[in-house]
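Visitor: Pasting a structure here, questions to come.
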Amino acid sequence: MKHLLITTITAVLLVGCISRLLVENPDFEVATDGWIQLFNGRNFDGWRENKFKHKPEWKVIDGVLTGHGGQGYLSSLDEFDDFELYAEARISDTDGGRGNSGIYFRCAPHADKKQEFPPGYEAQLDHGDSNNPTGSIYALKVKGARAPKPATKDGEWVTMRIRAIGNHLQTWINGKPAADCYDPENRHKKGSILLQMHHLTGKVEFREVRIRKIDKKN
């Protein structure tokens with residue numbers, strides 16, 4: 001009975017603390033099972049923008065993060081080493097071409113501004129690229145980095161899951177395994193998450209981007 005009373009009091013106090021946080025900070029995101037919402041569906045809190053070429057522009061339209069108009073990216077302010085990421089994305093092209101985007105991870109600071117993107121891994125979003133199909137770890141020339149060509153098309157929403165533990169990198173597209181590889185050089189250990197805008201007429205949309213950290217094994 002005493003144990004039950006203590007448990008009940010603890011639960012009430014916890015609910016009270018969370019309620020106070022929500023009142024004092026309406027942008028506070030309550031994580032479920034360790035998930036953190038990187039995109040809150042309202043604004044660019046937690047992100048910084050980089051414009052590389054033309055006039056890339058990001059907007060939040062009806063709760064969807066939308067990029068168009070040139071080359072650039074959004075970078076998370078937080079950095080991650082071992083993690084699992086889940087995103088829902090849609091790519092297209094406003095001039096009849098091919099949509100192209102990607103989710104970069106473990107990115108270093110962007111020191112060389114002559115380069116379009118900072119060093120890091122990229123999980124590819126390009127349904128028409130035969131060399132690096134959607135879900136591939138772009139241009140990482142090791143076994144398993146190239147994903148099989150998925151049954152995805154421009155203009156359709158796709159889900160992407162990325163899992164990075166040490167030098168083991170994995171992706172899933174629409175719930176199906178894509179890339180599964182090891183980087184023998186383990187070249188990118190920790191860094192930010194980047195959402196890519198690839199070219200002038202391309203359009204990319206994200207309606208969910210969430211991540212959870214994976215604790216290192218002792």
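Visitor: Can you list residue pairs whose Cβ atoms sit under 9 Å apart, with the first residue in the stretch 78-90 being in the same structural domain as Gly46 (by TED's automatic domain parsing) and aliphatic (A, V, I, L, M) and the second being outside any strand (DSSP E or B) and modelled with pLDDT of 95 or more? Count only pairs 6 or more apart in sequence or on different chains.
Guide: As it stands, the answer is Leu85/Leu38; Ala87/Leu38; Ala87/Phe39; Ala89/Trp157, since those pairs meet every condition given.
Visitor: Can you pull out every residue in the stretch 94-142 that is surrounded by 15 or more Cβ atoms within 10 Å (Cβ to Cβ) and of a type in the set (S, T, N, Q)?
Guide: Listed by number, the residues that qualify are Asn100, Ser101, Gln124, Asn132, Thr134, Ser136.
Visitor: Return the residues of the stretch 57-88 that are among the aliphatic types (A, V, I, L, M) and surrounded by fewer than 18 Cβ atoms within 10 Å (Cβ to Cβ); say none if nothing qualifies.
Guide: Scanning the stretch 57-88 gives Val60, Ile61, Val64, Leu77.
Visitor: Here's another thing I want to ask about it. Yes or no: the stretch 151-160 includes at least one residue that is of a type in the set (Phe, Trp, Tyr) and touching a Lys or Arg at 6+ places or on another chain (Cβ under 7 Å). Let's see the steps before the verdict.
Guide: Step one: filter the stretch 151-160 for residues of a type in the set (Phe, Trp, Tyr), giving 157.
Now narrow it down to the ones that are touching a Lys or Arg at 6+ places or on another chain (Cβ under 7 Å): 157.
Yes - at least one qualifying residue is present in the stretch 151-160.
Visitor: Which condition breaks for Ile91 when tested against (1) crowded, with 22+ Cβ neighbours inside 10 Å; (2) more than 14 Å from the chain's Cα centre (by Cα); (3) modelled with pLDDT under 95?
Guide: Ile91 satisfies all of (1) crowded, with 22+ Cβ neighbours inside 10 Å; (2) more than 14 Å from the chain's Cα centre (by Cα); (3) modelled with pLDDT under 95 except (3).
Residue-wise test of (1) under 22 Å from Trp35 (Cα atoms); (2) over 15 Å from the mean Cα position of the chain (by Cα); (3) charged (D, E, K, R).
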residue	(1), (2), (3)
Thr171	yes, no, no
Gly175	yes, yes, no
Cys181	no, yes, no
Lys213	yes, no, yes
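Visitor: Sticking with this one: If you scan the stretch 55-71, which residues turn out to be in contact with an Asp or Glu (Cβ under 9 Å, 6 or more places away or on another chain) and at positive phi?
Guide: Gly69, Gly70
Visitor: Find the strands (runs of 3 or more DSSP E) located wholly in the stretch 128-191 whose residues include 1 or more that are polar (S, T, N, Q), and list them.
Guide: 158-165, 168-173
Visitor: Still on this structure, please answer the following. Gly135 is checked against (1) in contact with a Ser or Thr (Cβ under 6 Å, 6 or more places away or on another chain); (2) within 18 Å of Arg207 (Cβ to Cβ) and fails just one. What number does that condition carry?
Guide: (2)
Visitor: Where residues in the stretch 179-210 are under 30 Å from Asp62 (Cα atoms) and hydrophobic (A, V, I, L, M, F, W, C), which of them is surrounded by the fewest Cβ atoms within 10 Å (Cβ to Cβ)?
Guide: This residue is Leu200.
Visitor: Related question: Answer yes or no: is there a residue in the stretch 147-168 that is under 17 Å from the mean Cα position of the chain (by Cα), in the same structural domain as His199 (by TED's automatic domain parsing), crowded, with 19+ Cβ neighbours inside 10 Å and modelled with pLDDT under 95.
Guide: no
The values are calculated or read from the model by the stated rules, or taken from the named source; none is laboratory data. All of these numbers come straight from a predicted model, not from anything done at the bench. Backbone-built Cβ (ideal geometry, glycine too); neighbour counts: all protein chains shown.
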